[in-house]
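Before any comments, here is the structure.
The values are calculated or read from the model by the stated rules, or taken from the named source; none is laboratory data. The structure displayed is predicted, hence computed values, not measured ones. Cβ coordinates were reconstructed from backbone atoms using ideal geometry, including for glycine residues, and neighbour counts include every protein chain displayed. Remember, those area values only see protein heavy atoms, side chains included, never the ligands or the DNA or RNA. Shrake-Rupley method; radii C 1.70, N 1.55, O 1.52, S 1.80 Å.
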Amino acid sequence: MSTATPRDGATLQAFPHTAVQAGSWIDDNWAGWLNAGLRILLIVVIAVVLRGVVRRTISRMIDRMNRGALATAGAALGGLLVNAERRKQRSEAIGSVLRSVASFLILGTAALTVLSVLKINLAPLLASAGVAGVAIGFGARNLVTDFLSGVFMILEDQYGVGDVIDAGVASGTVIEVGLRVTKLRGDQGEIWYVRNGEVKRIGNLSQGWATAVVDVQVGLGEDLERARTVIAQTAEEMSKDAPWDEALWEPVRVMGLESVGTEFVVIQTQAKTMPGKAAGVARELRWRIKRAFDREGIAISGGAPQVTVSEAGQTGEGPSPSEGAAQEPAGSPEPPGIVSVPPPSAGDR
């Protein structure tokens with residue numbers, strides 16, 4: 001083996017320069033290379049097999065959850081309260097997260113083991129990775145917050161695709177649920193992108209059941225019992241017509257007087273409906289109540305009082321008490337003592 005003397009005087013072993021030296025060098029190191037290669041191959045095979053087994057186990061667990069969701073949806077009560085498609089989407093999202101985490105841990109560990117087999121000092125690499133991780137963590141703390149919030153949101157099943165939610169910063173129908181961003185469709189067709197880490201509260205309007213509230217104005221002089229009867233009959237007829245017979249889960253209840261004004265009173269009506277159907281039920285119920293009130297001659301709100309003119313020229317509600325039963329016909333001459341004065345012209349002002 002030849003040696004080379006650098007400027008500082010130290011002697012270092014150099015690579016062989018002749019064929020004989022190369023053959024001798026290979027003979028001296030082939031055993032170590034073969035050992036390292038076999039170890040690396042074994043590590044890679046174990047990592048790939050372990051990753052496949054873990055991912056297949058997670059997939060089987062998700063399939064079992066989906067079959068359980070379908071069986072629950074087949075029951076009478078489960079078909080009303082459990083959305084099988086939503087549970088399937090939720091389980092698929094959870095499975096995707098678990099498979100990604102498992103792959104990262106297994107392949108990352110295998111990569112570090114291969115580097116150690118190659119006799120690469122991992123201490124500087126791990127130290128650099130730690131410093132870089134801290135720097136990235138400070139810079140991307142909002143991203144980490146969004147990701148963790150999305151994971152817990154999916155695990156807790158706070159909402160899913162098709163739900164109508166109020167997220168505080170925006171409200172609408174959920175069209176996509178991600179680990180970082182939730183996508184909503186607003187009432188006017190706009191799409192809202194809401195970061196999961198910024199959501200402080202969630203109001204889900206599509207879980208369990210909803211309540212349709214209808215406030216009906218009735219004239220102050222109307223018979224309230226008659227109005228209550230008309231509202232109840234109208235609601236009963238609506239509950240027998242399709243598709244409202246499926247949307248209404250309970251008979252419509254007339255709660256009573258909500259408020260009393262100077263010209264009208266407000267009667268509140270409530271109906272228990274399917275999730276997401278409250279607005280449509282309320283609009284249809286208002287429509288039917290208005291038509292029923294028109295048929296029955298019930299005033300929605302009180303009108304202005306009628307104003308009449310007495311013989312003395314004073315205004316009042318109805319005829320004067322001193323006025324007799326017989327009234328003078330229209331077009332009769334003015335009573336004596338009352339002189340009509342025309343309005344002043346523009347020049348007199």
Return the total of residues in region 172-218 being among the hydroxyl-bearing types (Ser, Thr, Tyr), farther than 13 Å from residue 161 by Cα and in contact with a helix residue (DSSP H, G or I) (Cβ under 7 Å, 6 or more places away or on another chain). 1
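Listed here are the residues, each with its yes/no results for (1) out of contact with any strand residue (DSSP E or B) (no Cβ under 8 Å at 6 or more places or on another chain); (2) among the polar types (S, T, N, Q); (3) open to solvent by less than 80 Å² (accessible area, probe 1.4 Å); (4) at pLDDT below 65.
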site	(1), (2), (3), (4)
24	yes, yes, yes, no
31	yes, no, yes, no
34	yes, no, no, no
38	yes, no, no, no
42	yes, no, no, no
47	yes, no, yes, no
52	yes, no, yes, no
62	yes, no, yes, no
Of 222, 237, which residue is open to solvent by less than 60 Å² (accessible area, probe 1.4 Å) and farther than 30 Å from residue 161 by Cβ? 222
Have a look at 236, 222 and point out the one that is part of a loop (DSSP other than H, G, I, E, B), over 18 Å from the mean Cα position of the chain (by Cα) and under 26 Å from residue 294 (Cα atoms). 222
Which residues, counting only those in region 244-279, are hydroxyl-bearing (Ser, Thr, Tyr), assigned to a strand (DSSP E or B) and more than 21 Å from the chain's Cα centre (by Cα)? 259, 269
Restricting to region 256-273, what's the tally of residues that are crowded, with 18+ Cβ neighbours inside 10 Å and among the hydrophobic types (A, V, I, L, M, F, W, C)? 4
Output for region 176-210, where each listed residue is closer than 24 Å to residue 95 by Cα and touching a residue at least 60 places away in the same chain (Cβ under 8 Å): 177, 179, 207
Tell me yes or no: at least one residue of region 196-208 is over 22 Å from residue 271 (Cβ atoms), out of contact with any Asp or Glu (no Cβ under 9 Å at 6 or more places or on another chain) and either part of a loop (DSSP other than H, G, I, E, B) or modelled with pLDDT under 85 (or both). yes
Given the options 191, 231, name the one that is at pLDDT 85 or above, loosely packed, with under 13 Cβ neighbours inside 10 Å and among the β-branched types (Val, Ile, Thr). 191
Considering each of 282, 292 in turn, give the residue that is modelled with pLDDT of 85 or more, outside any loop (DSSP other than H, G, I, E, B) and within 18 Å of residue 229 (Cα to Cα). 292
Selected residue (criterion: modelled with the highest pLDDT) from residues of region 158-174 that are under 20 Å from residue 97 (Cβ atoms) and open to solvent by 50 Å² or more (accessible area, probe 1.4 Å): 158
